Amino acid sequence: MPVLTLPADAASLTDAVVEAVRMGVQQQELVPEEVYSVYQLADLLGVSRSPVREAMLRLAEVGLVEIARNRGFRIVLPTAHDVEEIFEIRLALEPAAAGRAAERGCPDVATHLDAMTRAVADQDEPAFWDADRALHRALLVAAGNRRAAEVVEQLRATTALLGPPTTATGRSLAEILAEHQPIVDAALAGDAALAEQTMREHLVHTRDLLTGS
C-alpha cells in the first residue's frame, strides 16, 4: 500500500490532498502504471471522498492525473515535451521579472539565498528547495506580478514530479546555489540587464538537463 502524508499547513483539505498526491508521486509511492480509486486514497489519508474528488479534478485540469472512468485515476508524469513547454513559459516570465526586480529593489532575496547556503552546509535538501522556491517567488513578486508567481509555483510542482531536482538534473545543491548567486548579486546591485541574463542562463541550463538537450 502507498504511504502518503497529509500536510498540516495547507490552505484547505483539498489543497492538502493535492500536495499529498504530488509528494506521493515524487517519492514514487504513487506510480503511473497503477489505477487508484478515490475510496482508496481517502482511506489512506483519513479524509472523506469529497476533497479527494475535488483534488483529482484539479490535478486532472493541469494534466497530472488521468481520470479512468468508473475506476479511479492514473498518475501522468510530464514528458520531455511537457518540460520544454513549462520552461518556455518560465523563460517568458522569470528573466524579465528578475530585471524588473533589480530596477525596483528586492532586498529580501538575500535572505532566501542565505537560507539556501545554510541548507547546503546542513545537507538539508527539503530546506534548500523551500528557499529556492521562495527566492524565485520573491523576484516575481518584487517585479510586481503575483499572478506570475502563482503560475511558476504550479509549473515547478509539475516538473518536481520527475523526482528530486538534484537527481533529475545531475547537479549538486552547491552547484545550483552557485547558479543563483550571480542572479541575486545582480538584483541587489540594481543591474537589470545582468539579472535578466543570469536568470535566463539558469533556467536554460535547468531545462537542458531535464530534457537531455
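The numbers here are math on the coordinates, done by the rules we state, and not lab data. This is a predicted model, so every value here is computed, not measured. Here the Cβ positions follow ideal geometry from the backbone for every residue, glycine too, while neighbour counts run over all protein chains shown.
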How high is the FRET efficiency from Ala127 to Asn70, r the C-beta distance, R0 41 Å, rounded to 0.05? 0.45
Using a 7 Å offset from the Cα along the Cα-to-Cβ direction at both Gln40 and Ser213, what is the distance between the two label points in nm, to one decimal? 3.7 nm
Local electrostatic count, Pro2, Cβ distance below 10 Å [Lys/Arg +1, Asp/Glu -1]: -2
√(5λ) per eigenvalue of the Cα gyration tensor, the chain, largest first, Å: 33, 17, 17
Here the membrane-span-like helices of the chain, with no claim about any membrane, defined by DSSP H, Cα axial extent at least 15 Å and mean Kyte-Doolittle at least -1.0, are 13-26, 49-61, 80-104, 109-122, 125-142, 146-159, 173-189, 192-211
Separation of region 166-213 and region 113-148 by C-alpha centroid, Å? 12 Å
Full-extension gain in nm, Ala174 to Glu150, via 0.36 nm per residue minus C-alpha separation: 6.0 nm
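What is the calculated FRET efficiency for Asp15 to Ala193, with r their C-beta to C-beta distance and R₀ = 30 Å, to the nearest 0.05?
0.20
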Starting from the Kirkwood radius over alpha-carbon pairs of region 62-129, derive D by Stokes-Einstein at 37 °C in a medium of 0.692 mPa s and give it in µm² s⁻¹. 209 µm²/s
Return the Rg/Rh value of region 1-61, two decimal places, where both radii are evaluated on C-alpha atoms and Rh is the Kirkwood radius. 0.91
Hey, got the dipole for the chain? About the Cα centre, +1 on K and R Cβ, -1 on D and E Cβ, debye to the nearest 20? 620 debye
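Computed FRET efficiency, Cβ-Cβ of Asp114 and Leu57, R0 45 Å: what is it to the nearest 0.05? Show your work: numbers first, answer last.
Numbers: r = 39 Å, r/R0 = 0.88.
The computed FRET efficiency comes out at 0.70.
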Please work out the ratio of the alpha-carbon Rg of region 90-185 to 2.2 N^0.38 Å and round it to two decimals. 1.04
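Over the chain, what is the relative contact order in percent, taking alpha-carbon pairs closer than 8 angstrom and at least six residues apart?
23 percent
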Please report, in Å, the Rg and the Dmax of region 1-108, where both are computed over Cα atoms only. 17.2, 54
